1. Need the failing condition index for Gly43 against (1) more than 30 Å from Arg127 (Cα to Cα); (2) over 25 Å from the mean Cα position of the chain (by Cα), just the number.
2. Taking Leu91, is it free of Cβ contacts under 8 Å to residues at least 12 places away in the same chain, surrounded by fewer than 11 Cβ atoms within 10 Å (Cβ to Cβ), more than 30 Å from Ile225 (Cβ to Cβ) and not assigned by TED's automatic domain parsing to the domain that holds Ile225?
3. So, in the stretch 152-171, exactly how many residues are touching a residue at least 12 places away in the same chain (Cβ under 8 Å) and farther than 21 Å from Glu214 by Cβ?
4. Among Ser173, Ser211, which is the only one that is of a type in the set (S, T, N, Q), at pLDDT below 85 and closer than 11 Å to Val147 by Cβ?
5. Could you check the stretch 24-69 and list, in sequence order, the residues that are touching a Gly at 6+ places or on another chain (Cβ under 9 Å), among the β-branched types (Val, Ile, Thr) and assigned to a helix (DSSP H, G or I)?
6. Being among the charged types (D, E, K, R), at pLDDT 85 or above and within 28 Å of Lys217 (Cβ to Cβ), is that true of even one residue in the stretch 49-58?
7. Looking at this structure, is Met157 exposed (fewer than 12 other Cβ atoms within 10 Å of the Cβ), modelled with pLDDT of 85 or more, closer than 23 Å to Ile225 by Cα and not β-branched (Val, Ile, Thr)?
Amino acid sequence: MTKPKDAPPSIPLIDPASAAPIARPSARARLRNYFLTGLIIAGPLALTIYITWWFVDLVDGWMKPFVPASYWPDTYLPFRLPGFGLVFAFLGLTLLGFLTANLVGRTLLSLGETILHRMPVVRGLYRGIKQVFETLFSQSGTSFRKVGLVQFPSPGMWSIVFISTPAAADLASDLPERGEYVGVFMPCTPNPTTGFFFYLPRRDVIEVPLSVDEAAKLVMSAGLIQPEEQQRRLQALATSEREPADVV
């Protein structure tokens, strides 16, 4: 007997006894997964709250000697209310910037700097700190706003660096003749605030399309926090730079 054309397709029967049992995780494995999930959720949140609280307390402690006690809410409340020192610091710095923007403020600032420049030890310290702050917080500057790759600690091994300013003329004159030199800062893992600073020829530094924040996350996480697209770009750049050396 022929099968009708419009009949539904037949479904093969499976013997339940021959089917493989579905493996279920044990209670110990489920408990471990629950713990790791809770740790991943609570860990970053707890560290963020702790660091924020520590910074607010630090600024409050710095500002208390300069603000009268009558202006602090702690004087009238039975508990301590953090954060007002940070508010006072923000308002004070904004007011200082506003005052130094006019002629009177610039005159007073110039007078204070003249006094500091006449002090033998203090003038060098003040000048160096001022240059660092002007370089880091200048809106028109480009220092540490670009990320690059250099071969370190040996050829074929690539490390993330933050690109600084070119070498000064007096310093560049004592370096070997290899073109323009640029300063780079190579951060350490997992603390990117420590590392090594050195000068390299600009042609030996490969600029990569990474922001400073992304590069810092990459260094702090030892490569774990990295977008796949950026990872492919870094691998392609490293491969393109390594291929000519392999051919030679």
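The values are calculated or read from the model by the stated rules, or taken from the named source; none is laboratory data. Small disclaimer: the values here were computed from a predicted structure and weren't measured. In this analysis, Cβ positions are derived from the backbone assuming ideal geometry, glycine residues included, and neighbour counts consider all displayed protein chains.
1. That leaves (2) as the condition not met.
2. When the stated conditions are applied, Leu91 passes them.
3. Total meeting the criteria: 6.
4. Unique residue meeting the criteria: Ser211.
5. Once the filter is applied, which keeps residues that are touching a Gly at 6+ places or on another chain (Cβ under 9 Å), among the β-branched types (Val, Ile, Thr) and assigned to a helix (DSSP H, G or I), the stretch 24-69 yields Val56, Val59.
6. For the stretch 49-58, residues among the charged types (D, E, K, R), at pLDDT 85 or above and within 28 Å of Lys217 (Cβ to Cβ): present.
7. Judged against the criteria, Met157 is a match.
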